[in-house]
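Read through the structure below, which is laid out as structure tokens, and then see the notes.
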Amino acid sequence: MEHSIHRQLKSLYVTDTERHEVTVDGFRIDAVDEERLIEIQYGSLGAIRDKIRRLLRSHDVLVVKPLAERKQLLKRDVPEGPVVSTRKSPKKQTLWNLFDDLVHFVGVFPHPRLELEVLMTLQDEYRLPAEKKRRVSRGYIVEDRLLSEVTGRAMLRTVDDLLAMLPDAIRPPERTEPFGTADLAAAAGISRPLARKVAYCLRRCGLAQVVGKEGNAILYQLPACG
């Protein structure tokens, strides 16, 4: 079932609902404006990788990836019933969490006809208790997600946009020597596993080269400025 946040984001980009859920080249497209096809992907970018690759043969495409900077969790006992409890989710996403998904999309991004826009959002998530007969390990199901606010945007078109995301302490000219994922994690304030995903994307996009190892740690080199 389509969640409310998906409908809200379609209307954010294209107000005319007649242009929502349009079939193009045999694919169902979330929205279409005068210049491009628009796909809003709350789930994994990897799930639409092949679809986007095929559409890019003939169309300009904007892929919108919403991330939850903050999420409020609202519990109901019955569908559409009163809210019985509310709390803030301890999980907070940042722009860096794009790379959790980008690792499955670098075979498509970058592309001259592709734009990837990341939306930082505040969301309300409504939850229901999972039925005992259903195999749901987390003990609840998501009834709906609503967009509360868009707090920021980042448009990515080229590898230079990825490079601009990196901390100055990692990028030339401030740093000219190779770096490892521990250096990247410390400079960006992210976990080591996430830093590995960032490094993988940089390498796959041709931005970073593997230049050696320090112990078991792979060392990467970014191109010099200019």
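Note on LYS213: aspartates and glutamates with a C-alpha under 15 Å away, same-chain residues under 8 apart excluded, are GLU177, ASP183.
For the pairs LYS51/LYS91; LYS51/LYS197; LYS65/LYS91; LYS51/LYS71; LYS65/LYS197, flag any whose C-alpha to C-alpha distance is greater than 20 Å. As for pairs spanning more than 20 Å Cα to Cα, those are LYS51/LYS91; LYS51/LYS197; LYS51/LYS71. Shown for TYR42, TYR220, TYR140: other C-beta atoms within 10 Å of each C-beta, ranked fewest to most, produce the order TYR140, TYR42, TYR220.
Counting Lys and Arg as +1 and Asp and Glu as -1 over every other residue whose Cβ lies under 12 Å from the Cβ of LYS71, the net charge comes to +3.
With an a/c value of 1.5 or above and a/b not larger than b/c for the gyration tensor axes a ≥ b ≥ c computed over the alpha-carbon atoms, the range 3-48 is described as oblate.
Summarising the strand pairing of the chain, around 65 percent of its internal DSSP beta bridges are antiparallel. Two decimals is fine: what is log10 I(q)/I(0) at q = 0.09, 0.11, 0.13, 0.18 Å⁻¹ for the chain, from a Debye sum with one equal scatterer on every Cα and no solvent? Values, matching the q order: -0.46, -0.67, -0.89, -1.30. Within a Cβ distance under 12 Å of GLU2, other residues only, what is the Lys/Arg minus Asp/Glu net charge? Net of charged neighbours comes to +1. Dipole check for the chain: with +1 at the C-beta of Lys and Arg, -1 at the C-beta of Asp and Glu, and the Cα centre as origin, the magnitude is about 1100 Debye. For the range 166-221, the alpha-carbon radius of gyration amounts to 1.00 times the rule-of-thumb value 2.2 N^0.38 Å expected for a compact globular protein. Report summary: the helix-based calculation at 222 nm, which adds -39500 (n - 2.57) for every DSSP H run with n ≥ 4 and divides by the residues of the chain, gives -6000 deg cm²/dmol. Around the amide H of ALA217, modelled in the peptide plane, lies no amide H under 5 Å away from a residue 5 or more places distant or on another chain.
Taken together, the values in this text are just the output of simple stated rules run on the coordinates, not laboratory data. Computed from a prediction, not measured in an experiment: that's the story for all the values here. Positions of Cβ are backbone-derived with ideal geometry, glycine not excepted, and every protein chain shown enters the neighbour counts.
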